[in-house]
Amino acid sequence: MDRLLTVRELAERLGISVGTAYHWLSQGRLPCVRFSSRCVRFRESDVKELLDQLRNTDADSYETAPALKTRLERFKPRSRAKMR
């Protein structure tokens, strides 16, 4: 069973702010486990897989937040109905 990470732990691992993590989450760019509308967690294996994909696409081993943002923007958001 995977360990579930908080938004803060996810942000630290990706090198982004907590606000950016919530923004990407709202856009469907990050897979998550929802316990309620306000309580979300991230599977450690999903985060590791995302980091591995990002590291394999770049010759440099060091990832910066802008580089992560650019690569994450390429992921297709999950299809979901737009809320108005």
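Points to keep in mind about this one:
- Segments 35-43, 12-20 sorted - mean Cβ within 10 Å per residue, highest first: 12-20, 35-43
- Net length gained if the chain between ASN56 and ASP2 were fully extended (0.36 nm per residue, minus Cα distance): 17.2 nm
- Rounded to the nearest 0.05, the FRET efficiency derived from the C-beta distance between HIS23 and ARG43 at R0 = 22 Å is 0.65.
- Ranked by the mean number of other Cβ atoms within 10 Å of their residues, highest first, the peptides 26-34, 48-56 come out as 26-34, 48-56.
Computed from the coordinates by the stated procedures, all read-outs in this text should not be read as laboratory data. Just so it is clear, the structure is predicted and the values come from calculations on it, not from any experiment. Here the Cβ is made from the backbone with ideal geometry for all residues, glycine too, and neighbour counts use every protein chain on show.
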